[in-house]
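These notes are about the structure you will find just below.
Bear in mind that the values in this text are calculations on the coordinates, not laboratory data. All values reported here derive from a predicted model rather than from experimental measurement. Here the Cβ positions follow ideal geometry from the backbone for every residue, glycine too, while neighbour counts run over all protein chains shown.
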Amino acid sequence: MATQVSYPGIYIQEFTPGAPIQGVGTSTPAFIGTATSGPANQPTFLTSWDEFQKVFGGFIAEPANLDATKRSWLAPAVYGFFLNGGTGCYIVRAVKLGAGTSLFASWNLSDAVPQPELVATSIAEGNVGNSISVSVQPSSRLSDMLGAPGATLTATAPLNTTDITIPVDLSAVPAAFVLSQALPAGALIQVGGKEFVTVASTSVNTATKTGTIVLTTGLLNAYSPAPKIASIEWELDVKAATSEKWVQLSMNPLHPGYWKTAVKSQLIALSLPQTAPASTPNPTPVSTASATTGTDDDRLADLNDIDSNPTAYLDLLKPLQDVEIVAIPGDTNVNAQQALIAHCENLFNRFAVLDATPDSSVGFANLQAQYGQVRTTNGFAAIYFPWIQVVNPLTASTEYWPPSGHVIGIYAQTDQRVGVYKAPANVPIAGALGVQSLLSDNDQGPLNLLGINILRVFPEQSQPLVFGARTTSTDASWQYVNIRRLFIFLEQSIVRGIRWALFGVNNQNLWGSLKRTITEFLNRVKSDGGIIDFYVRIDAALNPPAVQALGQLYIEVGIQPAYPAEFIILRIGIWQGGSSVTEG
């Protein structure tokens, strides 16, 4: 609002600049594959290899001669990622489930309607869970404390519909009886065999041996003569090779027997149903019904499903804005790799790392054929060859693994050590002893120019190096990994950082504020060495009245990136003192 100027003097006007742009993350990957356990078909974030082992089961013992396309490469990739500097990643455990099938056996603990009040799910996957039996029976804390099944208290006077307290006679109950323990806050009681109400608190008069039960709500019915009061709890029996039992359970969090804190089972997990039950007179499980049976996971079928239906698993990653890299480790199927690239190109905010086929054949014919199927214009993917030689920590045997997980760890390491603008190359691969195919300079030359990144072992070094930094782009503007990832970083940072301007007044004040905000951010990136130069343009030529009338605001940003020194040409010759002779 403009300040009204009326008297001579100095007027103060404060303004709030646009919030500074924070750079988005660049090195959080998502890996898709198969595992022995863990959440199925949902992204799960992990921060260590130990956590992966705990949640997804770690390495899988598989025959040494098993075909590479039939192996589960998820664990080796995650292991290599953390070994090479990765700090956090998403895991999608792919499981092919038919309609109405589940990895876990489950049981509905239903009320009298009946509708599920709770769901019990086996902790063990597959057919093992089907051997468990789950049942519920009525239980009563009050009866147990009175020492007789079905024992009740009796109110001392008739009750009307507005009563929220119930006076009771305690003269006939055992001396050790404590009202607050028998009917604690949160306890469900049945009054007169008709209605269910919840206890708010209790009190006792030791002189008169009488007590009072305070209710959370008034009674729906009037009672004359004085009604009987019974407490309503339930017990849970779980049986398999071992048996477990809990009594005096309640659905109320205030009750000491609240199911969520009281039940500690080694066989099942309890949870609320996905659809909350409607209000019922007695919100307590009274019956048990089998909901689903457990189905054993078929990992080969899972792998085949990733190849035939990769989009179903990739779509699970769409809502995650902090995923910057995606991979399906060890999967060289053309359908899966093309879907991986399309996922990145459509979202425009992440990068795909691909594994090359494990066998090179004579003249690398298979490799070149594979590369021809993953080439695109925009450079949202990179492919790495050959596979790396490692020692499997589970079997202590030497194997060849796909390199994608290790390479993505190097992406993360380089981003953290220098920045996303640095090419993730000329870096040793931790955990790698060698490579499946030793390539010479002459071998690498044509493959590098195509856009295939080679892992090399040089005579003076023991560990393989990532010795390429090219994308699969057919456009020279996007041929380098760090250039494409730099632009993803800049674009996403600016998009999120100027969201405050949406629905603002589309005039020169807004334009100026946006230009200052974007310029300040790019100056920070420039000072870090991420870019050489830039410009930001927001003016009337870009935004004439006709454009503004459509609710649109155009911003033009030009970036001069720093390209990697992929080729260093050393010119050296004999110098005679007055003139020079050089050789190129």
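Couple of notes before you dig in:
- Gyration tensor (alpha-carbon) shape descriptor, the range 132-193, a/c threshold 1.5: oblate
- Helix 404-417 axis versus longest C-alpha principal axis of the chain: approximately 80°, rounded to the nearest ten.
- Magnitude of the charge dipole for the range 506-584, about its Cα centre and with charges confined to Cβ atoms of Lys, Arg (+1) and Asp, Glu (-1), is about 200 debye.
- Ordering W511, Y535, I555 by the projection of their Cα atoms onto the charge dipole of the range 506-584, which places +1 on the Cβ of Lys and Arg and -1 on the Cβ of Asp and Glu, puts W511 at the extreme positive end.
- Projected over all directions and averaged, the alpha-carbon convex hull of the range 448-584 occupies 14.7 nm².
- Using equal-weight Cα scatterers in the Debye expression, the normalised intensity of the chain in log10 at q = 0.11, 0.13 Å⁻¹ is -1.01, -1.20.
- Among N426, A226, P43 the positive-end extreme of the charge dipole of the chain (Cβ point charges): A226
- Partners of K526 within straight-line reach, counting lysines whose Cα lies under 25 Å from its Cα and excluding those fewer than 8 residues away in the same chain: K422, K515.
- Pairwise Cα inverse-distance average, inverted: Kirkwood Rh of the range 506-584 (Å): 16.5 Å
- q = 0.14 Å⁻¹, the range 282-416: log10 I(q)/I(0) [Debye, one scatterer per Cα]: -0.75
- Nearby lysines by direct alpha-carbon distance to K209 (threshold 20 angstrom, same-chain neighbours under 8 apart not counted): K228
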